[in-house]
Amino acid sequence: MSARIPGHPAITRSGPHRIPVDEARPRRPGTRPREGEFVRPLTRRQVDDRIGELGELYTRTTSCEPAILDPSDRDGGIVFRQRLAGLVRRPGFELLVAEAVDASGATVISACAYGFPVQGAGPWWQGPDGYLPGSLPRPTASERLFVIADILVERRVRTQDQSRDWNLARRLQKRLLADHTGALGVTLVDRGDADTYRALLSWGWRRLPAGARRPSLFDSRCLLVLG
């Protein structure tokens, strides 16, 4: 799943998120999967090598229909790959993938999440800064804020067992923040993207208190925090 600010990511649509595809078998709600996806980081070189697979994941998880891709789906995948190719060069960039074995026995990427620490003022921070009250930590060299820019998961992850620790989206976002002790996760979601907004809240994200933020040019988006 995914949200965006102009020229940069942040969890919603390209619109992510149109309702993603769910190709998983039905499972009794609340039961832990017998085999969870294996989560691991990719190096920058590995991201470059697997950029095509990541683009396919983006298209698959943001398409309304599993077998029908319209031109906007394909164009969105191209834009996603181009943006990711640029973001991977950011200092501190991290990308996690979840891998599973499909029916043919092949290992495939079933989900991904990525982000980067905010280190002082910069083009990305000029947007979210308008949302932060003075009581929240400002970006410093100590990297106390970590932008989770995208979480791409299948529909079942967004609609089933969202509060469980083993929910795949929760596993991905927790792992991204694990190496940043005390860091506050931040992301933006389009106000009109109710599905993504509800999913993020179900995974433990929260809004700032009413009246806490300053006026911003980015009022079409909502800042959520985690941690």
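Tell me the net charge near residue 227. Cut-off is 12 Å between Cβ atoms, residue 227 excluded, with +1 for each Lys or Arg and -1 for each Asp or Glu.
Overall, the nearby charge balance is +3.
Rounded if a/c is under 1.5, else prolate if a/b is larger than b/c, else oblate: which is region 143-197, with a ≥ b ≥ c the root eigenvalues of its Cα gyration tensor? Let's see the in-between values first.
Numbers: a/c = 2.60, a/b = 1.30, b/c = 1.99.
Oblate is the answer for region 143-197, as a/c is 1.5 or above yet b/c matches or exceeds a/b.
Readers should treat all values here as calculations from the given coordinates under stated rules, not as data from a laboratory. Owing to the predicted nature of the structure, the values given are computational and were not obtained by experimental measurement. Cβ: placed from backbone, ideal geometry, glycine included. Neighbour counts: every protein chain shown.
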